[in-house]
Amino acid sequence: MANSKELTKQVMELHKKQNEEMKALEEQREEALKVEKYDELAIELHNMYDSHIKAGFTEEQAWKLVEIFFTNSTKKGIF
């Protein structure tokens with residue numbers, strides 16, 4: 001039969017291992033969220049481009065409008 005000190009040590013080691021695994025998973029999750037964010041942005045920009053083409057703009061005009069929208073949406077306001 002294991003004594004309380006040995007059991008306490010095993011519990012502490014298990015707890016430490018679980019914390020390390022959770023930290024690694026959280027880091028992976030954060031990285032996946034970054035990638036997904038850029039994927040969503042790319043899809044939205046492509047959809048915007050397609051909408052301009054459907055509205056009758058040339059490919060060059062559509063791209064320029066998307067570029068202008070993106071540039072303006074990433075600028076910080078004066079306030």
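Pairs only if they're at least six apart or on different chains, beta carbon under 8 angstrom, first in segment 51-69 and without any contact (Cβ under 8 Å) to a residue 12 or more places away in the chain, second open to solvent by less than 80 Å² (accessible area, probe 1.4 Å); list them, first residue then second.
From segment 51-69, the pairs are I53/A62; F57/L65; E59/I53; Q61/H52.
Hey, can you tell me all the residues within segment 17-42 that are of a type in the set (A, V, I, L, M) and open to solvent by 100 Å² or more (accessible area, probe 1.4 Å)? It would help to see each step written out before you state the result.
Residues of segment 17-42 that are of a type in the set (A, V, I, L, M), as a first pass: 22, 24-25, 32-33, 35, 41-42.
Matches in segment 17-42: M22, L25.
Please work out if G77 is at positive phi, open to solvent by less than 90 Å² (accessible area, probe 1.4 Å) and either modelled with pLDDT of 95 or more or not hydrophobic (A, V, I, L, M, F, W, C) (or both). Quick ask: steps written out before the conclusion?
Details: at positive phi: no; open to solvent by less than 90 Å² (accessible area, probe 1.4 Å): yes; either modelled with pLDDT of 95 or more or not hydrophobic (A, V, I, L, M, F, W, C) (or both): yes.
No, not satisfied.
Could you count how many residues in segment 43-74 are open to solvent by 80 Å² or more (accessible area, probe 1.4 Å) and outside any helix (DSSP H, G or I)?
1
The values are calculated or read from the model by the stated rules, or taken from the named source; none is laboratory data. Every value quoted in this text rests on a predicted model; they were computed, and no experiment measured them. All Cβ positions, even for glycine, are placed from backbone atoms using ideal geometry, and neighbour counts span all protein chains on display. These accessible areas exclude ligands, DNA and RNA; they are computed on the full protein's heavy atoms, side chains included. Shrake-Rupley method; radii C 1.70, N 1.55, O 1.52, S 1.80 Å.
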